[in-house]
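Peer 1: Mind having a look at this structure? Questions to follow.
The values are calculated or read from the model by the stated rules, or taken from the named source; none is laboratory data. A quick note: this is a predicted structure, and the numbers were derived from the prediction, not measured. Heads up, the Cβs are rebuilt from the backbone with ideal geometry, glycines too, and the neighbour counts pull from every protein chain shown.
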Amino acid sequence: MFRVLNFLFWLCLLPDHGGCDNGMEPVTGPWGTLIGVPVVLEPGDTLVSKSVHLEKWPEGLHWQFYADSKEKVAEVLAAAGIPQMTIQKLVSEKYLQVDKSSGRFGIRPPEELFLSLTPEQRSSLYTKLYTVNGQRPLERFFNIAPGGIDTVLRVPHGLPPAQIDRVRKLTWQLGQTNWLADINYILAKAGNDEERFRVIKTVRRQKAVFLHLKIGSHSISELSDYWKAEGRNKEILPILESVSQTQGVDTLDVVHLLPPFPRKMIYTYPSQQGEGVGRAQPDCFWTSVSFFAESPPDRYFDSVIHQIVVERYVRVSAATAKFGDLILIYEKDTGAALHACNYIAGDYVFTKNGINSTRPWVFDTIDSVVKTYLEKDLTVSFFRLKPEFRN
């Protein structure tokens, strides 16, 4: 099993508690009445201290290209909408470099030119830069929360306004997803190591939701039918009965209604060692197929998720979705699976948005999760495990 690192979260209270306007209306259905409270999570100090960016920021800005000639570098720059006069300057001997070991070209852009790029130019250019070890270009960048950095700044962050302005200016979009690539520049502008530490913590923040179930007038029989998930989660009946029979208490944290695996993981970050599955980091596909598992599988499913879904699951409509159903998000054109998560109830899902250790397991809305991956046209489908494959 995974050793879970410490985590830190900040709570943005509901309006009637004197907090911020969260815009989340209670949703009622066979599950009862769900009340969502928005929160912001940021990784703990131990995890942030291991960030490679805290060591590599002195390397500065460096654009590396797939191109193997000066002319091809110029073509990439031109495709990003950079003016010809600027391109001629960038491919001059003053800025263009060649890595002797790989033969690849790189540019260290001057600050004034780098800052003059529009978000559209950054988006076009940065998604075409060279990557190593088969990474997608975006895997090297910071995925900023849907809505931009300001959506996670409602709670203290300890950064000077100038640094927040830099994050805003250097954030760009691909589809509806927000990205930050120029972290070395921002860290170089920090006054000291403590500020650099706070920069990493802040840009790694993630929005999430605390979920509460209000029992109210709902019958325990009706609630139990939903949350037991056709017998796969039957241990939740005692706590439902206890809350319903306790005078003055009719609200329950949904965490207590989760199966053992997601209940252990919710609101936590995985260790960087990734014990349990080849010492690699846990991903969304492993998470989603492990939702009801007594023991999480000892392998990942990125390359075979479609095969698993076809063999073991049946497609269901969103309107008939039930607790624990698998939700698969994939590119409409290619069919490539981008993400998987599990349906909870109403508009809410259990998800791990990303494979790395700075992505916690959280509750979130399906709309927010889709926006996290909305680089291209997407298809969102719901699936339920066939009876013969259930525990």
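Peer 1: Hey, among LEU14, LEU34, which residue is surrounded by 13 or more Cβ atoms within 10 Å (Cβ to Cβ) and modelled with pLDDT under 90? First the steps, then the outcome.
Peer 2: Working: LEU34 fails: modelled with pLDDT under 90.
None of the other options fit; the residue is LEU14.
Residue-wise test of (1) touching a Leu at 6+ places or on another chain (Cβ under 6 Å); (2) small (Gly, Ala, Ser).
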{"position": "ILE308", "(1), (2)": "no, no"}
{"position": "GLU311", "(1), (2)": "no, no"}
{"position": "SER317", "(1), (2)": "no, yes"}
{"position": "THR320", "(1), (2)": "no, no"}
{"position": "ASP325", "(1), (2)": "no, no"}
{"position": "ILE329", "(1), (2)": "yes, no"}
{"position": "VAL362", "(1), (2)": "no, no"}
{"position": "ASP367", "(1), (2)": "no, no"}
{"position": "THR379", "(1), (2)": "no, no"}
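Peer 1: Something else: Can you tell me which residues in segment 70-118 are of a type in the set (Lys, Arg) and part of a loop (DSSP other than H, G, I, E, B)?
Peer 2: Filtering segment 70-118 for residues of a type in the set (Lys, Arg) gives 70, 72, 89, 94, 100, 104, 108.
Of everything in segment 70-118, those that are of a type in the set (Lys, Arg) and part of a loop (DSSP other than H, G, I, E, B) turn out to be LYS94, LYS100, ARG104, ARG108.
Peer 1: State all residues of segment 233-251 that are in a loop (DSSP other than H, G, I, E, B) and exposed (fewer than 15 other Cβ atoms within 10 Å of the Cβ); if no residue qualifies, say none. Quick ask: steps written out before the conclusion?
Peer 2: Here is the first cut: in segment 233-251, the residues in a loop (DSSP other than H, G, I, E, B) are 233, 246-250.
Those that are in a loop (DSSP other than H, G, I, E, B) and exposed (fewer than 15 other Cβ atoms within 10 Å of the Cβ): THR246, GLN247, GLY248, VAL249.
Peer 1: Here is a follow-up. Just to verify a result, which residue in segment 89-106, among those that are in contact with a helix residue (DSSP H, G or I) (Cβ under 8 Å, 6 or more places away or on another chain) and not hydroxyl-bearing (Ser, Thr, Tyr), is modelled with the lowest pLDDT?
Peer 2: Step one: of segment 89-106, the residues in contact with a helix residue (DSSP H, G or I) (Cβ under 8 Å, 6 or more places away or on another chain) are 89-91, 95-96, 105.
With the extra rule that they be not hydroxyl-bearing (Ser, Thr, Tyr), the set shrinks to 89-91, 96, 105.
Working: LYS89: 93, LEU90: 94, VAL91: 94, LEU96: 93, PHE105: 89.
The qualifying residue modelled with the lowest pLDDT is PHE105.
Peer 1: Oh, and also: Does segment 41-69 hold any residues that are surrounded by 15 or more Cβ atoms within 10 Å (Cβ to Cβ) and either free of Cβ contacts under 8 Å to residues at least 12 places away in the same chain or part of a helix (DSSP H, G or I) (or both), and which are they?
Peer 2: Result: LEU47, VAL48, HIS53, LEU54, TRP57.
Peer 1: Right, something else. Tell me which residues, restricted to segment 156-186, are free of Cβ contacts under 8 Å to residues at least 40 places away in the same chain and in a loop (DSSP other than H, G, I, E, B).
Peer 2: Scanning segment 156-186 gives a single hit, PRO160.
Peer 1: Here is a follow-up. Give the residue that is surrounded by the most Cβ atoms within 10 Å (Cβ to Cβ), with candidates limited to residues of segment 305-351 that are among the aliphatic types (A, V, I, L, M) and not in a strand (DSSP E or B). Give the derivation first.
Peer 2: Filtering segment 305-351 down to residues among the aliphatic types (A, V, I, L, M) leaves 305, 308-310, 314, 316, 318-319, 321, 326-329, 336-338, 340, 344-345, 349.
Filter again for not in a strand (DSSP E or B), leaving 305, 308-310, 318-319, 321, 336.
On the way: ILE305: 21, ILE308: 17, VAL309: 23, VAL310: 11, ALA318: 12, ALA319: 6, ALA321: 20, ALA336: 10.
This residue is VAL309.
Peer 1: Here is a further query. Just checking, does segment 162-185 include any residue being modelled with pLDDT under 90, out of contact with any helix residue (DSSP H, G or I) (no Cβ under 8 Å at 6 or more places or on another chain) and surrounded by 15 or more Cβ atoms within 10 Å (Cβ to Cβ)? Walk me through it before giving the result.
Peer 2: Of segment 162-185, the ones modelled with pLDDT under 90 are 174-177.
So of that shortlist, the ones also out of contact with any helix residue (DSSP H, G or I) (no Cβ under 8 Å at 6 or more places or on another chain) come out as 175.
Cutting the leftovers down to surrounded by 15 or more Cβ atoms within 10 Å (Cβ to Cβ) gives us none.
The answer is no; no qualifying residue exists.
Peer 1: Taking the condition of being at pLDDT below 90 and under 11 Å from TRP361 (Cβ atoms), how many residues in segment 253-286 meet it? Lay out the reasoning, then the answer.
Peer 2: Narrowing segment 253-286 to residues at pLDDT below 90: 269-286.
Cutting the leftovers down to under 11 Å from TRP361 (Cβ atoms) gives us 269-270, 282, 284.
Going through segment 253-286 one residue at a time, the tally reaches 4.
Peer 1: Restricting attention to segment 328-355, and to residues there that are more than 25 Å from GLY32 (Cα to Cα) and among the polar types (S, T, N, Q), which single residue is nearest to the chain's Cα centre (by Cα)?
Peer 2: So, considering only residues that are more than 25 Å from GLY32 (Cα to Cα) and among the polar types (S, T, N, Q), the one nearest to the chain's Cα centre (by Cα) is ASN353.
Peer 1: Right, next: Would you check if there is a residue in segment 360-375 being hydrophobic (A, V, I, L, M, F, W, C) and assigned to a loop (DSSP other than H, G, I, E, B)? So that I can check it myself, show each step before the final result.
Peer 2: Of all residues in segment 360-375, those hydrophobic (A, V, I, L, M, F, W, C) come to 361-363, 366, 369-370, 374.
Adding the requirement that they be assigned to a loop (DSSP other than H, G, I, E, B) leaves 374.
Yes: one or more hits.
Peer 1: What are the pairs, 6+ residues apart or on separate chains, where a residue within segment 367-390 that is under 15 Å from ILE305 (Cα atoms) has its Cβ under 9 Å from a residue that is among the hydrophobic types (A, V, I, L, M, F, W, C) and assigned to a loop (DSSP other than H, G, I, E, B)?
Peer 2: Within 9 Å, the pairs are PHE382/ALA321; ARG384/ALA321; LEU385/PHE292.
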